[in-house]
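Below you'll find the structure, written out as structure tokens, and then a few comments.
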Amino acid sequence: MKETPLSNCEREFVLLALREKKRLDGRQTYDYRKVKIAFGTEYGCCVVELGKTRVLAQVSCELVSPKPGRPSEGVLFFNLELSPMASPGFEPGRQSEMAIEMNRLLERCLRSSRCVDTESLCVISGEKVWHVRTDIHALNHDGNIMDAAVIAANAALAHFRRPDVTVQGEEVTLYSVKDRDPVPLTIHHMPLTTTFSFFHEGSRLLVDPTRLEERVMEGRLLVAMNKHRELCALQASGGIRLLQDQVLRCSQVSSVKVLELTEIIQRALQNDVQARKEGRCCGFAESLPVQRVTVACAHEATVNNEEALRRANEVVKFAEEPADVEQPVCHRGPHTAQVGDGLVNSWLVVDDEPKSEEEALDGGDLEGVKVENEEVEELSDDSVIILETHNRVPRVVQLSDGSEEDEVMILSGKDLMNVSNKGCTKKANNSDDVMEVMVTKTKKPRKRNK
Amino acid sequence: MANVVVLMPGEALQLPNNEALLTPGKELVLGPGLRRDDGGTVVATKAGVLRRREPNVYWIDSHQKRYVPVRGEMVIGIVTAKSIDLFKVDIGCSEHANLSYLAFEGATKRNRPNLQVGDLVFTRLLVANKDMEPEVVCVDSAGRANGLGQLSGDGFLIHTSLEFCRRLLTPGCPLIASLSAVCPCEITVGLNGRVWLRAQALRPAAVAAALLERSNCIETEQMNSQLHNLTDCLANF
């Protein structure tokens, strides 16, 4: 599908604003849009939002034979996909020129700069190495996908954990995720990019252009740097002529920006580690913003709770009235008295549950019914007519549902001895099995080599 | 305050008093998003809020950004190509619309309209069905422009959702009122999700554009606070 053409008045408006050094979203010339980094529950999955531009990166790994020229180095592979989901101008199928250019840039920036230590990815020299693959998908295109993609790739690589491997002589053990904690990759530095867009024949520049600014710009300069002020890549496209001091100034601006961005990435990684340690929910579900599209300027809408009230009235009709009788006070001892006799415990789990719940409802002063109504109102944010309320379970917590708690066993001294022995043998068996598997695997190639 | 009904596609419309039965003089008028299926029941085809206008007009307000052309609607188009006797205009749907040179006020074979590629035109849909290319005109049936025609090049164009544009066009829209208090400007709303605006200076135009873009999803009451936030963040503009 073709993208909406750029109208003359949009172009003129942006250029006019630029002449007075103003941007349409109120940013300054060197300001980045708001960067948001979120990690998924899986290791190596990262979503980066740069304003409205969204990019998803996923890192995965597998064992392969190394490249013939480099027998003791792992393989890094990067792939950036521009799908039509991001923008109607992107066509599915063959990669467009822009996509090819971006992929090349990614490789130059991340692979050639040796930010990930490939020697540590080697398992058996000449036979098995780790192939680490980073897939980056553009989810929404609002300008400057390149910067967002590089941030996402770096964050995902830093977040990723690969399975642990140990080599003892001839035997190689690959531990699954359950047996041993997976191991992070060795990352030397984080090369990040800054995009500069040029207007008015190179006299005006903007950092981090939005989609509209990208369509109007005359040329682009991309500077890839890490926080130690080491230049990793430099790319100018669009056919503008830049002066030497312009490029130097851009690289200086870039060093400041890269420092800030690295700080943001580190903070996001730390937050994620913290959240995982504390056992809090982590993942996209927590970090996705709740976007509600409320149609039309509606006033507060009332909820149709006639049905609920009707049922409540029915329930109330058949409910027992709370005892109005004066409770006898009996003295048990000095300073101790008892009022009433106490009720039957209604928290026993009975087979026919609805009945017990209704009894609980009847017992209180319409408290149960009020709870239902409250729930109904809470859910009706979007003004939905609730037709069925009787199926809803009031907030009764059932403790004995056999969830995480296993059966409790009390161990004696003898049992402890047995258990520990069993444990040891079990472990040995496991490792034996694993080692057996690995040994057979490695034997075959050796035979072939001979 | 009436109850608000939300329908999902496929749900049948439940009307009180059996109004769904067709009796002469008591016909139902179904607007966008509702359809009568083979069995005779009225079924929703879009997800959204059911609206009603007395006595018997029903339609569904839904959220959509892609425009589907409908005859008689006024839309803002961008000229993409010029050929011998017509302009190709992009109105946001799958096909570019045709705009004849003669469909302007006072246009003759000798007197051609002065439109360039990339200019904006405010047009009305003459032909719009799924089998043909849509056709637009800049003149009404009497031959008068009536507000249609080229939009000047010193304004700004923003892209929003369709229901936001319809909201702007309701008579007495509070959004427009609060906007005019802050940054008075001239606004043209196209039903294809495009709004053109022009103000006397750069700043009110930019503020108005930013405000309109962000007002898509907020209620009327929150609009005033949004205004304050916006004018603060665009203070350095």
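The values are calculated or read from the model by the stated rules, or taken from the named source; none is laboratory data. The structure presented is a predicted model; accordingly, all values stated were derived computationally and were not measured. Note that each Cβ is placed from the backbone with ideal geometry, even for glycine, and that neighbours are counted across all protein chains shown.
Yes or no: A:Ser176 over 16 Å from A:Gln246 (Cα atoms) and of a type in the set (S, T, N, Q)?
yes
Condition (residue is on the phi < 0 side of the Ramachandran plot and within 11 Å of another protein chain (Cβ to nearest Cβ)) applied to region B:121-135: is it met by at least one residue?
Looking through region B:121-135, at least one residue is on the phi < 0 side of the Ramachandran plot and within 11 Å of another protein chain (Cβ to nearest Cβ).
Of all residues in region A:180-206, which are out of contact with any Lys or Arg (no Cβ under 6 Å at 6 or more places or on another chain) and in a loop (DSSP other than H, G, I, E, B)?
Correct list: A:Arg180, A:Asp181, A:Leu185, A:Thr186, A:His188, A:His189, A:Met190, A:Pro191, A:His200, A:Glu201, A:Gly202, A:Ser203.
Mind listing just one residue for me: the one in region B:136-164 that is charged (D, E, K, R) and within 14 Å of chain A (Cβ to nearest Cβ) and, of those, surrounded by the most Cβ atoms within 10 Å (Cβ to Cβ)?
B:Glu163
Here are the criteria: (1) buried (at least 16 other Cβ atoms within 10 Å of the Cβ); (2) closer than 14 Å to A:Pro209 by Cα; (3) among the basic types (Lys, Arg). Tell me which single one A:Lys34 does not satisfy.
It fails just one condition, (1).
Could you list all residues from region A:218-266 that are surrounded by 14 or more Cβ atoms within 10 Å (Cβ to Cβ) and of a type in the set (S, T, N, Q)?
Once the filter is applied, which keeps residues that are surrounded by 14 or more Cβ atoms within 10 Å (Cβ to Cβ) and of a type in the set (S, T, N, Q), region A:218-266 yields A:Asn226, A:Gln235, A:Gln246, A:Ser251, A:Ser254, A:Ser255, A:Thr262, A:Gln266.
Out of A:Ser120, A:Ser113, report the one residue that is modelled with pLDDT of 90 or more, surrounded by 17 or more Cβ atoms within 10 Å (Cβ to Cβ) and among the hydroxyl-bearing types (Ser, Thr, Tyr).
From the options A:Ser120, A:Ser113, the qualifying one is A:Ser113.
I'd like the full set of residues that are free of Cβ contacts under 8 Å to residues at least 12 places away in the same chain and more than 13 Å from B:Glu11 (Cβ to Cβ), limited to region B:30-39.
Those that are free of Cβ contacts under 8 Å to residues at least 12 places away in the same chain and more than 13 Å from B:Glu11 (Cβ to Cβ): B:Arg36, B:Asp38, B:Gly39.
Given the conditions (1) in contact (Cβ under 8 Å) with a residue 12 or more places away in the chain; (2) within 21 Å of the chain's Cα centre (by Cα); (3) within 11 Å of another protein chain (Cβ to nearest Cβ); (4) surrounded by fewer than 15 Cβ atoms within 10 Å (Cβ to Cβ), report the number of the one that B:Ala81 does not fulfil.
(2)
Taking the conditions exactly as written (without any contact (Cβ under 8 Å) to a residue 60 or more places away in the chain, under 30 Å from A:Leu63 (Cα atoms), of a type in the set (Val, Ile, Thr) and outside any strand (DSSP E or B)), does A:Val177 satisfy them or not?
It is true that A:Val177 is without any contact (Cβ under 8 Å) to a residue 60 or more places away in the chain, under 30 Å from A:Leu63 (Cα atoms), of a type in the set (Val, Ile, Thr) and outside any strand (DSSP E or B).
Okay, residues lined up against (1) at pLDDT below 90; (2) within 23 Å of A:Leu24 (Cα to Cα):
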site: B:Phe122; (1), (2): no, no
site: B:Leu126; (1), (2): no, no
site: B:Lys130; (1), (2): yes, no
site: B:Val137; (1), (2): no, no
site: B:Gly153; (1), (2): yes, yes
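Please return the ranges of strands (runs of 3 or more DSSP E) entirely within region A:71-168 where 2 or more residues are within 27 Å of A:Gln270 (Cβ to Cβ) and touching a Leu at 6+ places or on another chain (Cβ under 8 Å).
Strands (runs of 3 or more DSSP E) meeting the threshold: A:75-82, A:128-140.
From the list A:Ala308, A:Ala296, A:Ala319, which residue is at pLDDT below 75, surrounded by 11 or more Cβ atoms within 10 Å (Cβ to Cβ) and farther than 29 Å from A:Ala156 by Cα?
A:Ala296
With respect to B:Ser94, is the statement that it is within 18 Å of the chain's Cα centre (by Cα) and free of Cβ contacts under 8 Å to residues at least 12 places away in the same chain true?
It is true that B:Ser94 is within 18 Å of the chain's Cα centre (by Cα) and free of Cβ contacts under 8 Å to residues at least 12 places away in the same chain.
All but one of (1) within 29 Å of A:Arg276 (Cα to Cα); (2) surrounded by fewer than 20 Cβ atoms within 10 Å (Cβ to Cβ) hold for A:Gly44; which doesn't?
For A:Gly44, the exception is condition (2).
List the number of the failed condition for A:Pro209; all other conditions in (1) over 31 Å from the mean Cα position of the chain (by Cα); (2) part of a loop (DSSP other than H, G, I, E, B); (3) closer than 30 Å to B:Ala210 by Cβ hold.
(1)
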